[in-house]
1. With 10 angstrom as the radius, rank 93, 187 by how many other C-beta atoms surround their C-beta, starting from the fewest.
2. Given H placed 1.01 Å from N in the peptide plane, which residues other than close sequence neighbours of residue 58 have an amide H under 5 Å from its amide H?
3. Hey, which lysines would be in cross-link range of residue 59, C-alpha to C-alpha under 27 Å, not counting anything within fewer than 8 residues on its own chain?
Amino acid sequence: MRPALVPVAVACATLALGGCITSSSRHPGRVETTSQAERDSVTGAVSAPLRDFNLLRTKIPSVLLEAMADPYYRPGGRLTCSDIVAMVVPLDIALGPDLDAPPPAKEGLTQRGRGATLSAVAGATAGVIPFHSWIRKLTGAEQHDDYVQSAIKAGSVRRAYLKGLGEAKGCPPPATPSHLTTGKPVIDQSLRPRYPTHLPVARGPDGGTPPVDPPQ
């Protein structure tokens, strides 16, 4: 067996024992895109070919599937803050921290190196598959990735909508935005680059612009 195929064989054996749907190993219950799954662990990295063949797929939590059906669904009856919290918390588990949460600590050099290494492993294992992009289209892997992205988008909209209902009722977080990032400066896109965008104009001996040679 070729050395490059050994991790794939190990992943196939794991698949046969564990099924064909996976979730995050570091954050159980959280949905992951393909690139996130490949950077999550060694198993995720060496399983890249199985994802390309759509034999291994990311599990989409049911709360996100419900959000895809109608992200703006308003529950009937008289909502309480506790009711809203009960609907927001499962979305937090499935999606991870919301935009109003404090920014996470920056990854250290070791963590960044780990992610880069796992991405390289995933690229190497997927590289043994000829016509990689066409395989993903034909097997439905690319379509499933789009489905995961749609689920994440719908869940994010649903969470924002519920927090809006909570804020209208005067509920405390997590039933309403935390507003911890209020007052954060907006990125100024008018900043000039730190490197020159135009080369200085060449000057002749007398200080004028040197003549341009005619085209040959």
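Read-outs throughout are calculated quantities, based only on the coordinates presented, and are distinct from any laboratory measurement. The structure displayed is predicted, hence computed values, not measured ones. Don't worry about glycine lacking a Cβ; one is built from the backbone with ideal geometry, like all the others, and counts go over all protein chains shown.
1. Details: 93 15, 187 6.
Ascending number of Cβ neighbours within 10 Å: 187, 93.
2. So residue 58 has HN proximity to 22.
3. Answer for residue 59, where 27 Å is the Cα cut-off: 137, 153, 163, listed by chain and number.
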